[in-house]
Amino acid sequence: MNFLKKADFFGVIFNWNLSTQDKKYRSAFGGFITILVYATSLLYFIYKIYLWKTNQILPTINTKESIEEYIEQNFYGSQPLKISMVSYGVDFFDWNKNILTCYFGYYVNYDLLYTKPLQPSPNNRSTETSYMIPTNITLVLNPDGQIEDNKKFNQFGFLLFAVCSQEKASEFNITCASEEEINFYLSLLKLSQFKFQIEVQQYDPISQSLKTVQKDHYFNVDIYAPFQAQITYQINQQYTDSNLFYQQLDNMNYIGQYNIITQPVSQEYIKAKYGQYGIAIIQFILDKNVQQMNVLFPKLGALLADVGSIMSTLLSLSIIVSIVNGTLLEDQLHQEIIQFYFPVLKNLSIKKNFFGKVIEVKNNHNVIDLDQYNIVQESLMEKVKIKLTLSNLIYEISRLQFIVQSQLSRQKLLEFHNVGISIDFGHHVTDHELRDLSHQEHRETNFFQFDDFNLLSMNRFQEEYKQIH
């Protein structure tokens, strides 16, 4: 049993009660600060929950690049590239009077595959030609050419802007302009520009969705200076965790960045590779460097930790409250002890200002001189501080012992170790009789009476004081 007691880490220390109601001294100021701290913390927590609900808390985003050996990206339903020409009223791509024909095709495993020409899309800008928009594109990066596990061959797309040839255009119901018109307008190409509108996507943490961003690029063009442009799209692989309580990852792939590289080529190069004369070749491929993003929204634990840090900061005010409460407690205790010796002070009516300074003292509606009161009060406060020291308490007890010992013999004093108040458990006493101690037979049978237990206590004095007043 002794071993178990020594092993107990939950032992408690006895604390004296300051009153019969509470062991701690509490003040209105301390209560106000307590309510302020907890109310502010609660409101801040509600505010953080509102920010989380409306996606206004920015997530933590970690990024890194990795090299992928196989990537497949579909552009179904999107328009990653729109091409037009700033030509000031001349539509080079009009199929009814065509000057330049835009062909779309793929390189599959480095073999050229043609598709049909792109049909012009309307453009509301009067200074530009119709749009050339490749749709439903599938790009594949597979440089090793391994096609197991449902993999596809390496595949990238291209656009060829070729001079309209009636022999080839007739296959697609395209009507070329006359040769004179074609030569005339080609000579004006140097006054025109290619306009590339490239769309990429960016993640918006507020709406937790992808937003389309469009960027424009302009390139000069000349029939005698054709060029080749290579657009390299970089894939973003994003994993998003927006669940408040537990991990739940949602992944998405999208085009986040791109690069454009241009180089001049000759008409002979275009003719040899594509079988037609042209002014520009646009290639679009996938970058093997993939941007991996982890978007992590805060969990409930992080929100509570944030609220806890604010609460801890506010609780630093407890130092001030403790100082104020300590001062108030000391003042109250000193005043009560002084009133033990000077009961007349209980009848004083004291008025204080907001800062606790005494501004008026009355005794039975008679105003007391404030300076005289302060002199007496300061003198008593100095004395009571000395009286409350432990050494003084022991000293006064020792004096009382000597006084008693001077009146009684040592042997008589030793007998008092066995003296106490007797209780007759054989006689039935009601709770009312125990409180009032009015049962005469019971009182006459003992030298020390039952109510002697509370004979000199402060509560007994307060009860009698109330009866008198």
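Annotations
- When N294 is tested against (1) open to solvent by 60 Å² or more (accessible area, probe 1.4 Å); (2) more than 40 Å from the chain's Cα centre (by Cα), exactly one condition is not met: (2).
- Residue that is nearest to S78 (Cα to Cα) [pool: residues in the stretch 193-210 that are surrounded by 12 or more Cβ atoms within 10 Å (Cβ to Cβ) and of a type in the set (S, T, N, Q)]: Q201
- Some residue of the stretch 316-338 being under 30 Å from F75 (Cβ atoms) and out of contact with any Ser or Thr (no Cβ under 7 Å at 6 or more places or on another chain): no
- For Y258: the one exception among (1) assigned to a strand (DSSP E or B); (2) in contact with a helix residue (DSSP H, G or I) (Cβ under 7 Å, 6 or more places away or on another chain): (2)
- Residue ID - nearest to F284 (Cα to Cα), chosen from residues in the stretch 211-229 that are in a loop (DSSP other than H, G, I, E, B), open to solvent by 30 Å² or more (accessible area, probe 1.4 Å) and out of contact with any Leu (no Cβ under 8 Å at 6 or more places or on another chain): A225
- With respect to being closer than 25 Å to I386 by Cβ, in a loop (DSSP other than H, G, I, E, B) and either in contact with a Leu (Cβ under 8 Å, 6 or more places away or on another chain) or at pLDDT below 85 (or both), G356 fits the description.
- Any chance F340 is more than 58 Å from the chain's Cα centre (by Cα) and farther than 30 Å from I33 by Cα: no
- Of the listed requirements (1) surrounded by fewer than 13 Cβ atoms within 10 Å (Cβ to Cβ); (2) assigned to a helix (DSSP H, G or I), K190 misses just one: (1).
- Elements of type strands (runs of 3 or more DSSP E) in the stretch 48-97, at least 1 residues being in contact (Cβ under 8 Å) with a residue 40 or more places away in the chain, surrounded by 14 or more Cβ atoms within 10 Å (Cβ to Cβ) and more than 14 Å from the chain's Cα centre (by Cα): 71-74, 81-86
- Matching residues, the stretch 22-72, being touching a helix residue (DSSP H, G or I) at 6+ places or on another chain (Cβ under 6 Å) and of a type outside the set (S, T, Y): F29, G30, I33, V37, F45, K48, I57
- Test: K288 is open to solvent by less than 70 Å² (accessible area, probe 1.4 Å) and of a type in the set (K, R): no
- Set K288, K271: member being touching a strand residue (DSSP E or B) at 6+ places or on another chain (Cβ under 9 Å) and without any contact (Cβ under 8 Å) to a residue 40 or more places away in the chain: K271
- Tallying residues that are surrounded by 14 or more Cβ atoms within 10 Å (Cβ to Cβ) and closer than 25 Å to E378 by Cα within the stretch 301-331 yields 6.
- Only a single item in (1) open to solvent by less than 90 Å² (accessible area, probe 1.4 Å); (2) within 17 Å of H334 (Cβ to Cβ) is not met by K352, and it is number (1).
- Answer residue from the stretch 363-406, given it is part of a loop (DSSP other than H, G, I, E, B) and over 26 Å from L329 (Cα atoms) and is least open to solvent (accessible area, probe 1.4 Å) among those: D369
- The condition (being open to solvent by 80 Å² or more (accessible area, probe 1.4 Å) and farther than 20 Å from L81 by Cβ) is satisfied by just one residue among Q267, Q276, Q248: Q248.
- When the residues of the stretch 117-171 are filtered to those that are in a loop (DSSP other than H, G, I, E, B) and β-branched (V, I, T), the one that is surrounded by the fewest Cβ atoms within 10 Å (Cβ to Cβ) is T127.
- In this structure, M311 does satisfy being of a type outside the set (V, I, T), closer than 27 Å to K24 by Cβ and in contact with a Ser or Thr (Cβ under 9 Å, 6 or more places away or on another chain).
- Cβ pairs under 6 Å, 6+ apart, first in the stretch 111-130 and under 15 Å from Q197 (Cβ atoms) and touching a residue at least 12 places away in the same chain (Cβ under 8 Å), second assigned to a loop (DSSP other than H, G, I, E, B) and open to solvent by 30 Å² or more (accessible area, probe 1.4 Å): T127/Y88; T129/D91; S130/D91; S130/P120; S130/N123
The values are calculated or read from the model by the stated rules, or taken from the named source; none is laboratory data. In this text the structure is predicted, and so the values were computed from the model without any measurement. Positions of Cβ are backbone-derived with ideal geometry, glycine not excepted, and every protein chain shown enters the neighbour counts. With ligands, DNA and RNA removed, areas are computed over all heavy atoms of the protein, side chains included. Shrake-Rupley method; radii C 1.70, N 1.55, O 1.52, S 1.80 Å.
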